[in-house]
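S.K.: Here it is, the structure in full.
The values are calculated or read from the model by the stated rules, or taken from the named source; none is laboratory data. This one's a predicted model, so the numbers in the text were calculated from it and none came from an experiment. All Cβ positions, glycine included, derive from the backbone under ideal geometry; neighbour counts span all protein chains shown. Remember, those area values only see protein heavy atoms, side chains included, never the ligands or the DNA or RNA. Shrake-Rupley method; radii C 1.70, N 1.55, O 1.52, S 1.80 Å.
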Amino acid sequence: MKSLMLASAAAIAALALPASAASLNAPVPTNATINYGGLQWAWASPLDQSSVDLSYQSQFGWRLPTAQELLNAPSAMDFMFAGANVPLGGTDPVSGVYFAYTAPTLDSAAALAVAYFSSYDHGDWCNAPGSACGFGEVPWNTGNGYNESLVVRAIAGGVPEPATWALMILGFGAVGVAMRGKRRVSAKVRLA
């Protein structure tokens, strides 16, 4: 009887979990992401954004991209680079994720982070914009058909914006003027 109650409780708990729960609750490794257009991007799901789970990753700044950011999103080809977490024709040794629906255009390792953002273990290369597969390419995060979803965050330790540099230079200048004025006042006091 006790084992039946435990099994029932486990089944109810499993039903209570969201369908999109991420497989891995760990920080996303950098070789599973790309920096593009001033943001860090991760390929997060083989479906639309409703399957993306940010409950753990939001603490690291990950979020869904805005409509404007998606207009300037990277293409599938931008996720290809030497040292990316998913080797050509293989699986990521850490997360176990792999690319399905590949084509001859996939000729290098590529970054894929779906296990950190969904319950899926694959990304569909040919469904992603810019994959040059000739079928199924759908814009990112739209919810139209079987498309892929991205998430973004600010680049950690990024280069300051020009406005930040200008404000910093003005601040240093103000400190210099204040220190110079202080020296003049103290010099006058000594002369008197």
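S.K.: Considering only protein heavy atoms and a probe of 1.4 Å, how much of the accessible area of region 78-124 is carbon and sulfur, as a whole percent? All intermediate terms of the calculation are to be shown ahead of the outcome.
M.R.: On the way: 1080 of 1950 Å².
Carbon plus sulfur share of accessible area: 56 percent.
S.K.: Would you calculate the separation in nanometres between label points at residue 68 and residue 88, each defined as 7 Å from the Cα along the Cα-to-beta-carbon direction?
M.R.: 3.9 nm
S.K.: As a test of reading the structure, rank 48, 78 by solvent-accessible area (1.4 Å probe, protein chains only), most first.
M.R.: Working: 48 40, 78 60 Å².
Greatest to least solvent exposure: 78, 48.
S.K.: Give me the extension gain from residue 154 to residue 60: residue separation times 0.36 nm, minus the current Cα-Cα distance, reported in nm with one decimal.
M.R.: Details: separation 94, 0.36 × 94 = 33.84 nm, distance 0.97 nm.
32.9 nm is the gain from fully extending residue 154 to residue 60.
S.K.: To the nearest 10 square angstrom, how much accessible area does residue 50 have with a 1.4 angstrom probe?
M.R.: 90 Å²
S.K.: If I stretch the segment between residue 180 and residue 21 completely, what's the gain in nm (0.36 nm per residue apart, minus their alpha carbon distance), one decimal? Let's see the in-between values first.
M.R.: On the way: separation 159, 0.36 × 159 = 57.24 nm, distance 5.96 nm.
That pair, residue 180 and residue 21, stretches by 51.3 nm at full extension.
S.K.: Assuming R0 = 30 Å, can you tell me the calculated FRET efficiency for the pair residue 107 and residue 169, based on Cβ-Cβ distance, to the nearest 0.05?
M.R.: Numbers: r = 46 Å, r/R0 = 1.53.
With R0 = 30 Å, the Cβ-Cβ based efficiency is 0.05.
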